[in-house]
1. Considering only residues that are touching a residue at least 12 places away in the same chain (Cβ under 8 Å), assigned to a helix (DSSP H, G or I) and within 14 Å of chain A (Cβ to nearest Cβ), which ones fall in the stretch B:176-219?
2. Here are some conditions: (1) over 30 Å from residue A:281 (Cα atoms); (2) facing another protein chain (nearest Cβ under 7 Å); (3) surrounded by 22 or more Cβ atoms within 10 Å (Cβ to Cβ). Residue A:25 meets all but one. Which one does it not meet?
3. Looking at the stretch B:70-81, which of its residues are under 12 Å from residue A:97 (Cβ atoms) and either over 16 Å from the mean Cα position of the chain (by Cα) or without any contact (Cβ under 8 Å) to a residue 60 or more places away in the chain (or both)?
4. Quick one: is residue A:11 under 29 Å from residue A:204 (Cα atoms) and either facing chain B (nearest Cβ under 9 Å) or part of a helix (DSSP H, G or I) (or both)?
5. State the number of residues belonging to the stretch A:139-150 that are in a loop (DSSP other than H, G, I, E, B) and farther than 20 Å from residue A:80 by Cβ.
6. For residue B:16, which of the numbered conditions (1) touching a helix residue (DSSP H, G or I) at 6+ places or on another chain (Cβ under 8 Å); (2) crowded, with 21+ Cβ neighbours inside 10 Å fails to hold?
7. What number of residues within the stretch B:242-285 satisfy the criterion of being part of a strand (DSSP E or B) and in contact with a helix residue (DSSP H, G or I) (Cβ under 9 Å, 6 or more places away or on another chain)?
8. I'd like to check which helices (runs of 4 or more DSSP H) are fully inside the stretch B:49-138 and have at least 2 residues that are in contact with a helix residue (DSSP H, G or I) (Cβ under 8 Å, 6 or more places away or on another chain) and more than 9 Å from chain A (Cβ to nearest Cβ).
């Protein structure tokens with residue numbers, strides 16, 4: 001059993017972590033407190049970069065993702081919200097059913113909104129059609145959803161997880177500077193938690209049939225980097241990513257600079273449960289005991 | 001235009017509040033900061049009642065709601081999460097579509113999880129099948145979803161909103177004492193925010209065809225009370241509720257006391273955006289100016 005599996009299993013035994021369904025996790029006790037502390041510390045660091053903090057909505061119109069070309073890039077992850085029909089006769093049939101959860105599952109309306117796959121889409125959507133006169137940096141934390149088939153592992157890869165982002169809208173050089181600053185912030189955050197970290201060139205897992213070319217371009221142009229943290233057994237996990245989007249979102253959402261040209265954007269994203277996992281691994285008492293033995 | 005409509009309209013004009021879709025709201029600037037302060041203050045008050053704080057999962061298996069008899073009680077509100085099929089050919093069809101968001105909306109799998117209509121269901125589900133030896137009080141904050149047709153008003157009634165709950169599992173008298181203490185906490189929280197408040201007997205808006213009898217019983221037995229806050233124009237909104245469930249959840253989720261009998265439960269729930277709205281109305285500068293004029 002890998003170290004992180006032992007840790008997760010111990011936390012489940014203590015009732016501090018539970019999985020009501022694959023990819024969904026609840027936390028209590030010292031483990032919840034540790035995540036809350038990681039969140040709060042990171043929030044302070046991000047607020048040192050910008051006072052412009054947002055609370056993002058819980059869902060996104062599907063049209064926002066269409067505008068961001070999401071369906072050609074990552075359709076495999078998409079999760080949507082659907083509410084039940086308001087047809088009283090159908091609701092009665094559900095209410096009176098011997099197996100109402102099966103009945104209900106059949107009567108969701110056609111979805112119009114997605115559960116957000118990342119925080120930053122909210123920000124481009126809210127700024128759509130505006131002129132950003134001077135470099136703007138926004139931070140926000142929110143719940144995100146990516147359905148990754150049967151690859152879920154508690155804290156390491158969730159269907160739902162928590163993301164903190166900082167997003168920059170400005171000129172090309174402002175975005176590059178921002179990205180570099182973001183890397184320094186993430187590295188210092190890792191050091192503050194006594195975690196080793198490793199910066200790596202990366203690419204997004206684009207949907208192969210339609211997105212393959214993009215991954216290649218992303219890597220050639222050095223647009224994506226990730227900070228990886230150790231999670232035991234020689235494995236690492238990407239716990240932060242640093243992304244230059246060039247003018248992609250500026251064009252897609254008609255966000256312009258003062259001179260009328262499409263804005264450049266960049267984002268720095270932290271996956272908070274992964275930071276928790278790395279922190280749990282780093283302070284794993286049984287392993288320390290083994291080392292001392 | 002009602003006072004709260006003027007406030008919301010002014011916040012939209014300042015870019016501090018936006019609605020990407022009916023019932024979904026984003027916040028920034030001073031309005032977001034005010035909500036964050038309300039959240040933080042309430043969290044401190046709740047932590048004074050219990051150290052047992054949980055982070056609840058982002059979704060609930062539909063079977064949990066079935067066990068809680070939710071489908072006979074409030075089917076009209078239910079919102080579910082559905083991810084796209086993992087059939088690559090269908091994903092390709094979506095990715096290559098001229099109108100991928102319409103195409104995607106048609107290819108969600110049959111949902112198995114609900115977006116939580118309240119925080120406390122997570123708690124009963126996690127404690128299912130256990131013995132609670134001594135009174136247990138748990139607090140948690142989380143995103144909740146209730147689809148209320150076309151009745152959405154920003155901050156007043158959201159499809160998605162934020163709920164802080166405190167839940168008690170124990171004997172009947174422990175639950176009654178907890179409920180009374182919860183009322184005092186909520187009233188003092190309102191006073192701390194300089195908000196008038198009014199305690200009222202209430203009933204849940206049960207689905208009429210199957211839940212009507214329950215609302216009557218709830219009222220006759222005095223099981224539900226609400227704290228209402230003024231939101232202008234002589235209107236009030238229920239911003240906290242105090243609920244005795246008798247042994248309903250103890251029986252439904254097989255949560256037992258030390259003597260083997262089903263536990264009593266009670267919960268105190270706060271709807272945070274409504275507290276924000278009442279606070280915005282109470283400090284509404286234009287209205288103060290009108291009074292002084």
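1. Those that are touching a residue at least 12 places away in the same chain (Cβ under 8 Å), assigned to a helix (DSSP H, G or I) and within 14 Å of chain A (Cβ to nearest Cβ): B:210, B:211, B:214.
2. (1)
3. If the condition is that a residue be under 12 Å from residue A:97 (Cβ atoms) and either over 16 Å from the mean Cα position of the chain (by Cα) or without any contact (Cβ under 8 Å) to a residue 60 or more places away in the chain (or both), then B:71, B:72 are the ones that fit.
4. no
5. 0
6. (2)
7. 13
8. B:120-126
Laboratory data are not the source of any read-out in this text; all were calculated from the coordinates shown. Only a predicted model underlies this, so the values are computations on that prediction, with no experimental measurement involved. Counting neighbours? That spans all protein chains shown, and the Cβs are built from the backbone with ideal geometry, glycine included.
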